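The next block holds one structure in the form of structure tokens; read it before the comments.
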Amino acid sequence: MLGYVFKRAVFAEDANYNDATVITLIMGTCLVLIMCFGLAYLYSGLARRKSALHMIFAVFMALLISIFQWYFWGYSLAFSSTATNKFIGNLHNFGYQNLDGTITLSDEKGYPELAFANFQCMFASITICILIGAVCERGRILPIFLFSFIWLTLVYCPVAAWAWSSHGWAYKWGVLDYAGGGPVEILSGFGGFTMSFFLGERRSHLMVNYRPHNVSLITIGTCLLWFGWLGFNGLTCVEPSMKSVYAVMNSNLCAAFGGMTWCILDYTRTGHWSAVGLCSGIIVGLVAATPASGCITLWASVILGIVAGICCNFATVLKVWFRVDDSLDILAEHGIAGVLGLFFNAIFASSTVLGYDGYTDHPGGWIDHNWKQMYKQIAYIFAVIGYCITVTSIICFILNKIPFMALRVDEEAEANGMDEDQIGEFAYDYVEIRRNFFDMQHFDDPEHPETISAHGSTTASNTSASNSGKVNEKDPANAVVLPSSEPQVKQASV
């Protein structure tokens, strides 16, 4: 009897779904989410030890805020089907309402709009996670909450509507942006650079002996990013097709040649094969492939990877020219690489490749004699850059004027490290004592009894000092890691 009372009708729309497309969207959602986790570890490895956990926390918090914002009104502002303007959507899908319908592209069966909304949510998430790397080693956590929500609403959603919504001006104009050269890469790169400008430079006297603290974390983060990126680019066409396969191979080719090019350039300057440089080159290749992987031919991806590796490597000097402390090179690796991918679409986009999904009909680029595609791509690039810098600047300026919402910490907090000041926890349960343990000088300074004698000899005072986790301040550049007997200790500067 109870079973009869609470029985519900079968969801009839399920019969209209293409099962392969539903699985494609679910897998794409999971793969792009993995990119956010990889980015957290990449940023943590690039930061110094005393701010490693801060970067993981900042990325995770931006991820959480983006999911809420997208559910609240982000999807509706970007993709509402009832919008009447070419700039931004409306609130028809506020709070994920009215998403029980079916979207149909190439055949009679389609896919639930809710699955598409979830997939696009991850695009918004990875964008704000990339941008938030600007807070590295000097940014406060609290403003991230408000900044992420406002920025996604005022910057990301309008540009996503321009490029991908059926009512967007760029979409209607025929601009080629396959997986997010504008909404994802340019917005995160130039938005992060703008935020870095308002945060200001890190104190120069605290930058002595600066280097990424954990290259292993950098490589692990890059691996997760590369793995997720194949879903990011490969599954953007939504319906599984030849275009999905083509986009995956284009992405791999760009990553391979971008990584090799960047690494060789670093070797010619330093004489060393840099693992950090290799990871940077792989990432710029994947970024450049984001707007182009579903548009250009395979041989063009080889050229794009090489050009991206060269241009983005030299673009790291832009932060010096503009005197902006872009600590993680977000502009060079995301903003510039995204611009290159969009520019390549104007020249190498193929109508054949574009039509591999079975429903896209576009005349292509210059290789198909569509000469006017160039000015469309350039106009789109400058429109996105100009809008991003302007609105991001306004957001940062206003936030800095709001009590308790200042973007930057004070000098003492920066010296102690973001882990101690902002998080109250540490990525590592040890402190730095010396870098070259057996290459130390003997100090007969009674004010520093904790100093270890030359050649590693140990006295009672030395043993006590090492157990208490104290640091010799005579030579901080030669710090090395030793275990601490205390469960949690104050972390010393690098």
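The values are calculated or read from the model by the stated rules, or taken from the named source; none is laboratory data. Computed from a predicted structure; not experimentally measured. In this analysis, Cβ positions are derived from the backbone assuming ideal geometry, glycine residues included, and neighbour counts consider all displayed protein chains. These accessible areas exclude ligands, DNA and RNA; they are computed on the full protein's heavy atoms, side chains included. Shrake-Rupley method; radii C 1.70, N 1.55, O 1.52, S 1.80 Å.
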Out of (1) buried (at least 21 other Cβ atoms within 10 Å of the Cβ); (2) without any contact (Cβ under 8 Å) to a residue 12 or more places away in the chain; (3) not charged (D, E, K, R), what's the single condition that is false for Tyr156? (2)
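So if I check each of Phe397, Phe343, which one is without any contact (Cβ under 8 Å) to a residue 40 or more places away in the chain, open to solvent by 10 Å² or more (accessible area, probe 1.4 Å) and in a helix (DSSP H, G or I)? Please lay out each step first, then the result.
Values: Phe397 fails: without any contact (Cβ under 8 Å) to a residue 40 or more places away in the chain.
Of Phe397, Phe343, the one residue that is without any contact (Cβ under 8 Å) to a residue 40 or more places away in the chain, open to solvent by 10 Å² or more (accessible area, probe 1.4 Å) and in a helix (DSSP H, G or I) is Phe343.
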Just one of the numbered conditions (1) in contact with a Cys (Cβ under 7 Å, 6 or more places away or on another chain); (2) part of a loop (DSSP other than H, G, I, E, B) is not true of Asp326; which one? (1)
Return yes when Tyr178 is farther than 20 Å from Leu354 by Cβ and either open to solvent by 10 Å² or more (accessible area, probe 1.4 Å) or touching a residue at least 40 places away in the same chain (Cβ under 8 Å) (or both) and no when it is not. no
Counting only residues that are open to solvent by 20 Å² or more (accessible area, probe 1.4 Å) and not in a helix (DSSP H, G or I), which one in the stretch 257-296 is nearest to Ala337 (Cα to Cα)? Ser274
Considering the stretch 52-76 alone, what residues qualify as being crowded, with 24+ Cβ neighbours inside 10 Å and more than 18 Å from the chain's Cα centre (by Cα)? Gly74, Tyr75, Ser76
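Run down Leu235, Leu253 and say which single residue is under 23 Å from Ile336 (Cβ atoms) and in contact with a Leu (Cβ under 8 Å, 6 or more places away or on another chain). Before you say what the answer is, go through the steps one by one.
Values: Leu235 fails: under 23 Å from Ile336 (Cβ atoms).
That would be Leu253, the only listed residue that is under 23 Å from Ile336 (Cβ atoms) and in contact with a Leu (Cβ under 8 Å, 6 or more places away or on another chain).
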Residues of the stretch 106-142 being in contact with a strand residue (DSSP E or B) (Cβ under 8 Å, 6 or more places away or on another chain) and either among the basic types (Lys, Arg) or not in a helix (DSSP H, G or I) (or both), which ones? Lys109, Gly110, Tyr111, Pro112, Arg138, Gly139, Arg140
Checking the structure you have, find out if any residue of the stretch 306-328 is in contact (Cβ under 8 Å) with a residue 24 or more places away in the chain and more than 26 Å from the chain's Cα centre (by Cα). no
Testing Val135 on (1) buried (at least 24 other Cβ atoms within 10 Å of the Cβ); (2) under 15 Å from Tyr75 (Cβ atoms), one condition comes back false. Which one is that? (2)
